[in-house]
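Notes to accompany the following structure.
The values are calculated or read from the model by the stated rules, or taken from the named source; none is laboratory data. This is a predicted model, so every value here is computed, not measured. Cβ coordinates were reconstructed from backbone atoms using ideal geometry, including for glycine residues, and neighbour counts include every protein chain displayed. Each accessible area value is taken on the protein alone, full model and side chains, heavy atoms only, with ligands, DNA and RNA left out. Shrake-Rupley method; radii C 1.70, N 1.55, O 1.52, S 1.80 Å.
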Amino acid sequence: QHYFKHINLRMSGIYVEQPEIKDKHVYTERAGTGLWLVKVPKYVSDRLKMCDEGGQFGVIKTNRTAAGTKISFDIDQNLCDKVSEDKSQCPSNHDMRLGTLAGPNRALAVYSEGEEVIHMEGVIKTRFDVYQNQNSSRSYLSLKRFEAERKAMPERTIKFNTKTVNAFKPSNVSQKQLYTTKAQREEKSANKRIRLDRSTVESMILKAFKKNQYISQKNLLSITGQPENYLKEFLGEMCVYNNKAPHKNTWELKPEYRHYDQTTEASKDMETD
């Protein structure tokens, strides 16, 4: 267990939390036990993790000859036949070669830590390195080839869809703008200007000019309710556009279409914006 105490660093002004390790008792009953330090390849350690608790992982064999003692290690065949996560094959026969420790004046010890005590399990006397045996070179080469192929495989692959996928293009119109646009569209369709026959439109224009001698195009559009381009055809035939004051930007009937009294033009001289 770790207990935290708060330390305020006055020099730097930084507030940190530093762990404080609780004191534990160390038991050294097994301090004289000699242990082996065995370094194994990664695929061997992966098989060791697959071994059941209390099960047999392998067998160490010694063969004494005139040249010296040869030590070999064979992994249990049941573990070799098991399918690992990467679906690789594992060689079973291995050689154990005697290695060197850190130094003659340096000792390596093994400890096991519990909740309240620490046990010294022993001191490392010998180091061994595990290598694949020549008899299992084919399976070892197969393992390395499989690892190389796995590393060469891309992390992302392309998959083809045989079914039709409904893909919709993203829209930049927000929900509020969508409702606004819809309302404007409905209003526009409701107020859509429909062309009437020419005689009806001419009558409406003449009737409007009987009331006012000068009328703007905007007011003529609202009076007749006709499309702008369609109304311009009648204005070009029946009216004259005023470019100068005092009736600038207004329309007036041509002389041949005027039916009001010329003497009362001044009294009817009105401009509608």
On the full set of protein chains, 1.4 Å probe, figure out the accessible area of Tyr131 and give it in Å² to the nearest 10. 100 Å²
Just how much of Met204 is accessible, in Å², when a 1.4 Å probe is used and the result is rounded to the nearest 10? 50 Å²
Between the modelled labels at Asn78 and Lys144 (7 Å from Cα along Cα→Cβ) the distance in nm is 3.1 nm
Considering only protein heavy atoms, with the full assembly of protein chains and a 1.4 angstrom probe, order Ile118, Ile60, Ile75 by accessible area, largest first. Ile60, Ile118, Ile75
Separation of the Tyr241 and Val123 label points, Cα + 7 Å toward Cβ, nm: 11.3 nm
If packing is taken as the mean number of other Cβ atoms within 10 Å per residue, what is the order of 207-218, 235-246, 143-154, highest first? 207-218, 235-246, 143-154
Students often get this wrong, so check it: of Lys39/Lys144; Lys49/Lys159; Lys70/Lys125, which have C-alpha atoms separated by over 29 Å? Lys49/Lys159
Using a basic spin-label model with each label point 7 Å from the Cα along Cα→Cβ, how many nm lie between Asp197 and Met153? 8.2 nm
Can you sort His94, His25 by 1.4 Å-probe accessible area, starting with the largest? His25, His94
